[in-house]
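I have placed the structure first, in the form of structure tokens, so that the comments after it can refer back to it.
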Amino acid sequence: MVFGDVLLLDVTGPADVFSRANHHLRRPDEPDRYRVTALSSFGGEIVSSSSLRLQTSSLPPPEICAFDTLIVAGGPGVMSASHDLQLRNWLLAVAPRTQRIGSVCTGAYVLAEAGLLDGKAATTHWAHAERFAARYPSVRLNTDALIARSEKIFTSGGATAGIDLALSLVDEDFGRDLALAIARELVVFRVRAPGQGQQSAALIAYGGSADRLSRATAYILDRLESGVTVEQVADHVCLSVRQLSRSFKEVFGLPPQRYIRAAQIDLARELLSGTQQSLDKVALRCGFSGRQQMTRAFERQLGTTPMAFRNAADAE
């Protein structure tokens with residue numbers, strides 16, 4: 001679901017995830033598993049916040065809707081969209097017929113205005129937390145969460161979290177291995193757990209714009225499983241270890257070794273919560289020398305052990 005002045009990344013991020021899933025799942029003479037349609041209140045061409053144009057279909061009559069999943073995008077135009085009476089009534093009419101309903105970033109305003117988030121856990125971009133909470137006090141807002149789910153309703157915080165939302169849906173539909181494969185292709189490197197905070201230590205790389213640092217973080221995330229050293233990263237981007245360390249501290253606020261460790265821990269958390277692989281196998285897949293090194297890293301960074309983390313995740 002889109003509208004004028006929509007943030008295009010909220011649309012294209014999830015759409016690309018579903019497209020890549022189709023590529024992996026494609027079989028001769030079989031239709032794609034995911035078919036994505038952009039809808040808007042009146043159909044036709046809409047202009048996004050980046051001035052790029054998007055062709056949309058108009059809202060179909062609710063009685064013939066059979067959507068599996070409906071995702072509402074966010075963007076600067078979301079406040080106008082949230083007051084679109086036609087859209088609000090249509091959402092209320094199709095909600096009972098839809099298997100899953102979600103939002104990306106500020107798209108949560110549209111769902112909340114329609115009353116679909118009343119009494120439910122939800123999230124949105126952290127910068128909107130105060131305003132959103134004051135406007136919709138009946139919503140149980142948690143902006144520390146990357147993705148919040150309440151029954152069949154999903155909400156996600158931040159534009160890039162739309163990719164995480166889509167990956168979580170692929171995970172639910174076709175399994176963790178496919179979701180992880182797509183995440184690696186997109187250099188997201190892993191599927192972040194729904195309860196994980198919006199400020200992931202391992203993903204702060206996306207805040208940096210320097211080409212060498214972008215290549216450095218992509219190199220690290222692509223090689224976690226095989227193990228990677230600061231020296232290898234520095235050599236890959238043609239910097240000395242000292243220059244690389246200085247650049248990491250200036251842009252990310254931490255040295256490259258701590259970034260590597262944070263990425264290893266984040267990947268381990270996802271494997272521990274999303275698979276039944278042994279601790280030894282998880283440790284090796286994340287580039288740790290073994291189970292003991294992973295345990296020490298967890299205790300130092302998270303104040304818990306990998307087994308305790310897995311048990312807590314299983315209990316949720």
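The values are calculated or read from the model by the stated rules, or taken from the named source; none is laboratory data. This is a predicted model, so every value here is computed, not measured. Cβ placement follows ideal geometry from the backbone for every residue including glycine, while neighbour counts extend to all protein chains displayed. Just so you know, the surface numbers come from the protein's heavy atoms only, side chains and all, with ligands and any DNA or RNA stripped out. Shrake-Rupley method; radii C 1.70, N 1.55, O 1.52, S 1.80 Å.
Listing for the model above:
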{"read-out": "Output for the range 217-273, where each listed residue is open to solvent by 10 Å² or more (accessible area, probe 1.4 Å) and outside any helix (DSSP H, G or I)", "value": "Arg223, Glu225, Ser226, Gly227, Val228, Thr229, Cys238, Leu239, Ser240, Gly253, Leu254, Pro255"}
{"read-out": "Sole exception among (1) assigned to a helix (DSSP H, G or I); (2) open to solvent by less than 10 Å² (accessible area, probe 1.4 Å) for Phe288, by number", "value": "(1)"}
{"read-out": "Single condition Gly74 does not satisfy, out of (1) within 22 Å of His125 (Cβ to Cβ); (2) surrounded by fewer than 16 Cβ atoms within 10 Å (Cβ to Cβ)", "value": "(2)"}
{"read-out": "Neighbours by Cβ (under 7 Å, 6+ apart or cross-chain): first from the range 59-76, farther than 24 Å from Thr12 by Cβ; second buried (at least 16 other Cβ atoms within 10 Å of the Cβ)", "value": "Pro62/Trp90; Pro62/Val94"}
{"read-out": "Residue match in the range 149-164 (condition: aliphatic (A, V, I, L, M), open to solvent by less than 30 Å² (accessible area, probe 1.4 Å) and assigned to a loop (DSSP other than H, G, I, E, B))", "value": "yes"}
{"read-out": "Scope the range 291-316; condition among the hydrophobic types (A, V, I, L, M, F, W, C) and open to solvent by 60 Å² or more (accessible area, probe 1.4 Å); matching residues", "value": "Leu302, Met307, Ala315"}
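Residue by residue, here is whether (1) surrounded by fewer than 16 Cβ atoms within 10 Å (Cβ to Cβ); (2) closer than 21 Å to Lys152 by Cβ holds:
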site	(1), (2)
Ser58	yes, no
Ala66	yes, yes
Ser103	no, yes
Leu116	no, yes
Ala127	yes, no
